[in-house]
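The values are calculated or read from the model by the stated rules, or taken from the named source; none is laboratory data. What you are looking at is a predicted structure, and each value in this text was computed from that prediction instead of being measured. So basically every Cβ, Gly included, is an ideal-geometry build from the backbone, and we count neighbours across all protein chains shown. Only protein heavy atoms, including side chains, enter the accessible area calculation; ligands, DNA and RNA are left aside. Shrake-Rupley method; radii C 1.70, N 1.55, O 1.52, S 1.80 Å.
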Amino acid sequence: MAGVNKILDLLEKFAIWGSIVSFTIMIFMGIMQVLFRYVFDSSLYFTEELARFMFVWAVFLASAVCSRRKIHAAIELFVSWMPKKLRKVVMIISSTFTIFFFALIFVKGIEITIITWGQASPALEAPMGLIYLAIPVGGLLMLIFTIENLYCEIMESSQSETEGKVTEW
């Protein structure tokens with residue numbers, strides 16, 4: 001399991017740095033757009049489009065990090081009122097549905113990336129598939145991290161059930 005954790009940690013670092021770079025480029029493009037428009041009285045034609053594309057990448061990569069760290073916005077009011085065993089069952093069912101959702105995002109993201117790869121963006125003339133690639137990449141990372149969280153949830157509940165019990169022969 002230690003090898004798998006190293007790979008998952010590496011994937012998380014990729015997502016963190018990818019989102020940091022994307023947000024940085026996005027902010028820099030916004031500053032450049034304002035600077036050129038209002039200071040130099042001339043606008044750059046690509047800044048808005050690049051900032052928008054970087055935002056898409058940043059959101060999908062940062063969402064994967066939030067998924068692994070279990071810090072997505074959630075409604076835990078009802079879950080916190082449940083008994084501990086029922087809470088575990090609800091969390092496992094919820095994670096299972098989430099896995100199916102992220103698998104769907106991954107598959108449909110691949111389809112839309114393939115369809116749009118031949119199209120060029122208006123200002124940058126970059127393949128639109130490159131921008132839509134954020135959907136399957138983010139979806140796959142969220143899928144992997146949710147499976148990891150589900151595995152940990154199941155293992156935690158099975159360990160707590162066997163803890164303190166004496167096996168009789």
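See the values below:
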| read-out | value |
| --- | --- |
| Added length on full extension, which subtracts the Cα-Cα distance from 0.36 nm per residue, residue 103 to residue 17 | 28.6 nm |
| Full-extension gain in nm, residue 112 to residue 69, via 0.36 nm per residue minus C-alpha separation | 12.7 nm |
| Heavy atoms of residue 143 accessible to a 1.4 Å probe, total area in Å² rounded to 10 | 30 |
| Residue-normalised accessible area of the range 40-87, expressed per residue, 1.4 Å probe, Å² | 72 |
| Percent carbon-and-sulfur accessible area, the range 22-169, ignoring ligands, DNA and RNA, probe 1.4 Å | 69 |
| FRET efficiency, 1/(1 + (r/R0)^6) with R0 45 Å, evaluated for residue 34 and residue 156 via beta carbons | 0.35 |
| The range 15-60 - convex hull of alpha carbons, volume per residue in Å³ | 44 |
| Within the range 38-121, trypsin sites (Lys or Arg not before Pro) in DSSP loop having at most 16 other beta-carbon neighbours inside 10 Å | 70 |
| Measure of compaction for the chain (Cα Rg per 2.2 N^0.38 Å) | 1.38 |
| Summed side-chain charge close to residue 124 - residues other than residue 124 whose Cβ falls under 12 Å, Lys, Arg +1, Asp, Glu -1 | -2 |
| Computed over the chain: relative contact order in percent, which uses C-alpha pairs under 8 Å that are six or more apart | 24 |
| For the chain, the longest site-free run once GluC sites (Glu not before Pro) in DSSP loop states with at most 15 other Cβ atoms within 10 Å are removed | 1-75 |
